[in-house]
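Values quoted throughout were computed directly from the atomic coordinates according to the rules given, and no laboratory measurement underlies them. Not measured: the values here are computed from a predicted model. So basically every Cβ, Gly included, is an ideal-geometry build from the backbone, and we count neighbours across all protein chains shown.
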Amino acid sequence: MRADIYFLAALFSFIFLLMVLNFVRRGRLKEQYAILWIFFGLILIVVSLRVEIIDWLAALLGVVYPPSLLFLLGIIFCLSLIVHLTVVVSRLEERVVRLTQEIALLWAEVGEGAKRKEEAAG
């Protein structure tokens, strides 16, 4: 029974890795983010195939129930990803504000130029 669960975990990890590669191929995921997800997928495959790694790491850290260590590592990964994406969104927000201000200034210049042209023609 235990081997079936590990086989399913490895299978789902492999499918996850294929999905990430497909997203990159179709241009739906940028390479800079794909590297992170590919790395995560490979770690999932290794951990699924070599469960002793989690057992060893849990023993090393004094965790009594090794699967709870997986949840902890998953939560840490998710929080790290959320912080990274928040930083990216903050940078993009600053760029949008700056671009909006530049567009407004350009439209103001175009409007001034049109007024001058009308005054010179009239």
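Some observations on this one:
- Once the Cα atoms are used to define both axes, helix 52-61 deviates from the longest principal axis of the chain by about 80 degrees.
- Cleavage-rule hits (trypsin sites (Lys or Arg not before Pro)) in segment 22-54: DSSP loop, at most 13 neighbouring Cβ within 10 angstrom: R26, R28, K30, R50
- Separation between Cα centres of segment 73-122 and segment 1-35, rounded to whole Å: 35 Å
- Computed over the chain, the P(r) curve from all C-alpha pair distances, binned at 5 Å from the origin, holds 2, 9, 11, 14, 13, 10, 8, 6, 5, 4, 4, 4, 3, 3, 2, 2, 1, 0 percent per bin.
- Note on segment 71-122: semi-axes of the ellipsoid equivalent to its C-alpha gyration tensor, largest first and rounded to whole Å, are 50, 5, 4.
- Cα long-axis angle, helix 31-49 against the chain (0 to 90 degrees, to the nearest 10): 10 degrees
- Put simply, the amide H of L29, placed in the peptide plane, has neighbours under 5 Å in V24, leaving out anything fewer than 5 places away on its chain.
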